[in-house]
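Since the structure comes first, as structure tokens, the remarks are kept for the end.
The values are calculated or read from the model by the stated rules, or taken from the named source; none is laboratory data. These numbers were taken from a predicted model, which means no experiment stands behind them. Ligands, DNA and RNA are excluded from the accessible area calculation, which covers all protein heavy atoms including side chains. Shrake-Rupley method; radii C 1.70, N 1.55, O 1.52, S 1.80 Å.
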Amino acid sequence: MSTPNKDKPDFDEEFDQTVAQWREQHKLREDDAVLLLVELFRIHQHHWDQLRRREMPSFEQFRSDIGLLTAAAKTFQQQVSTLIESLKKLPAAAPSENVTLVAAIFAVIAALLGGYLIGRAWP
């Protein structure tokens, strides 16, 4: 599963152009305090971006696994839908044979009688 190569936007270049336009608009010198603060912010942002990249791996290394997982999920979904359709076509299951109440009562009476007779015969 590959993605087309898209040109990644160059945010640093865009930022530099925006700052240059802003400087010209407000007629700021190169050593103005505001520009120094902007440069300090860029250093800070670059530092945090590097930390984030180090702590959170890129999804590029997992791209093939994600592709395989997506394909497996599609196959599973197709097989499940086929199974559901097959189960819908089957006739309803026959009700299981249950023991009637009369048969259960006779079994209990027979067990009690048998237990009583065995108890009397056993010395």
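Annotations for the structure displayed:
- Within the stretch 86-123, tally of residues that are open to solvent by 100 Å² or more (accessible area, probe 1.4 Å) and either on the phi > 0 side of the Ramachandran plot or part of a loop (DSSP other than H, G, I, E, B) (or both): 8
- Applying the criterion of being assigned to a loop (DSSP other than H, G, I, E, B) and either small (Gly, Ala, Ser) or under 44 Å from the mean Cα position of the chain (by Cα) (or both) to the residues of the stretch 8-32, the residue that is modelled with the highest pLDDT is Asp10.
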